[in-house]
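To start, the structure itself, in structure tokens.
Throughout, read-outs are computed from the coordinates displayed, never taken from laboratory work. Since we're looking at a predicted model, the values are computed, not measured. Cβ placement follows ideal geometry from the backbone for every residue including glycine, while neighbour counts extend to all protein chains displayed.
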Amino acid sequence: MVSQLAASISQRLGEANKVVIASHVRPDGDAIGSLLALGQALMNAGKQVQMVLQDGVPAAFRFLENSELVQTVSDGEFDTFITLDCADFKRVGRAFEACVRPDLNIDHHVTNQKYGKMNLIVPEAVATAAILTDYLPQWGLEITKPIASALLSGIVTDTLGFRTSNMTSEALRQAAALMDIGADLPVLYHQALVSRTYPAARYWGAGLSNLRRNDGYGLVYGTLTLADREATGYQGNDDADLINIISAIEGSTVGMIFVEQADKRVKISWRALKPGIDVSQVAKHFGGGGHQAAAGADIPGKLSEIQPLVLKTTEEMLGL
């Protein structure tokens, strides 16, 4: 079945002329790396390609080659529409609200709603970039050095530097193959996971000062408010990857971060800190999604009301 689907996708991509590729709002390294990799591969194959992220490319990933080609809206006609790393079609954002079903939906989230005409969903893959690493050559698309760098960035970030509970030996072999093509792992690792701006570091400090654990210590969580963002000068609407720090805390089973948004919503991220914990089902309960090791949701309402409800539900669903 998978081989038949791969063959159908290969044929569809071969017939495509004008392609639009999109990923989710508030894009992470996997969304950006996957977008740039597939976009560049299709451009190299002679296709007209628009790469679209509603929120654009964050500063931390603008070092990737051709990131300046990413648009915030699509323009003109296209004959092929592809979504990447997006479990729910609504998460591609307002730019595609009026669009019909995507021709191709490629993702690794177990909660993917399979909304495309063709759906290549591989939940066991550590990242959508890992799926593309396997399939681009099968589709007759060459992985050049810039494409290898984009793919490795996606794998490195979605595994938090090869340390999430869903990490596999296959992912390490993929990373090695991409390095052989020319991707510079130390540079990509530093840019994506280590380097931070001064405002982001101060924002981290605000979140760490609010760090809490539940009574059983199975759950550790931080909170970032709009006031924290203003006081530190941080311009993003995410957690500046503070969840990666929380995920390194010893003795807990699940890490969480609550980020108050300006649109009267709260962005929540979950991370499973031990194997066998599936946080995607909790995120799905709140209208979000993800995969077993990492998931997220955006919930409308006040932080003061949402946080206790989400904490209680997480404890009950995961037995914390």
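Some observations on this one:
- Among residues other than Ala240 with Cβ under 10 Å from its Cβ, the summed charge is 0 (Lys and Arg +1, Asp and Glu -1).
- Relative contact order of the chain, defined on C-alpha pairs under 8 angstrom at six or more residues apart (%): 14
- Hull volume in cubic angstrom per residue (convex hull over the Cα atoms of the range 198-318): 94
- Hydrophobic, long helices, defined as DSSP H runs whose alpha-carbon span along the helix axis is 18 Å or greater and whose mean Kyte-Doolittle value is at least 0.0, occur in the chain at 2-15, 29-44, 145-158, 169-181, 303-318.
- For the peptides 212-219, 200-207, the ranking by mean Cβ contacts within 10 Å, running from highest to lowest, is 200-207, 212-219.
- Along its principal axes, the range 1-74 has C-alpha extents of 38, 25, 20 angstrom, given from the largest down.
- Under 13 Å, Cβ to Cβ, from Ile121 - net charge with Lys/Arg +1 and Asp/Glu -1: -3
- Inverse of mean 1/r across different Cα pairs in the range 2-193, Kirkwood, Å: 16.2
- Computed from label points 7 Å out along Cα-Cβ, the spacing between Phe162 and Val100 is 4.5 nm.
- Paramagnetic reach from Met43 (point 7 Å along Cα→Cβ, amide N under 16 Å) across the range 74-100: 74-75
- Fewest-first ranking of Ser269, Ser304, Ser74, using other Cβ atoms within 10 Å as the exposure measure: Ser304, Ser74, Ser269
- Protection proxy ranking of 29-37, 129-137 - average other beta-carbon atoms within 10 Å, highest first: 29-37, 129-137
- Gly182 sits among other residues whose Cβ lies under 14 Å from its own Cβ, and their net charge, with Lys and Arg +1 and Asp and Glu -1, is -3.
- Straight Cα distances below 16 angstrom link Lys117 to the aspartates and glutamates Glu15, Asp79, Asp85, Asp88, Asp103, Asp107, with same-chain residues fewer than 8 positions distant left out.
- Taking Thr159, Thr197, Thr111 in turn, the Gaussian network model of the chain (Cα-Cα springs below 10 Å) assigns the largest fluctuation to Thr197.
- Footprinting exposure proxy for His190, His291 (fewest neighbouring C-beta atoms within 10 Å first): His190, His291
- Here the chain is treated with +1 on each Lys and Arg Cβ and -1 on each Asp and Glu Cβ, and its dipole about the Cα centre works out to around 380 debye.
- Summing Cβ point charges (Lys, Arg +1; Asp, Glu -1) relative to the Cα centre of the range 103-198 gives a dipole of roughly 220 debye.
- Compactness relative to 2.2 N^0.38 Å, alpha carbon Rg of the chain: 0.96
- Flagged links, alpha-carbon separation over 31 Å, of Lys47/Lys90; Lys145/Lys284; Lys264/Lys284; Lys145/Lys264; Lys90/Lys312: Lys145/Lys284; Lys145/Lys264
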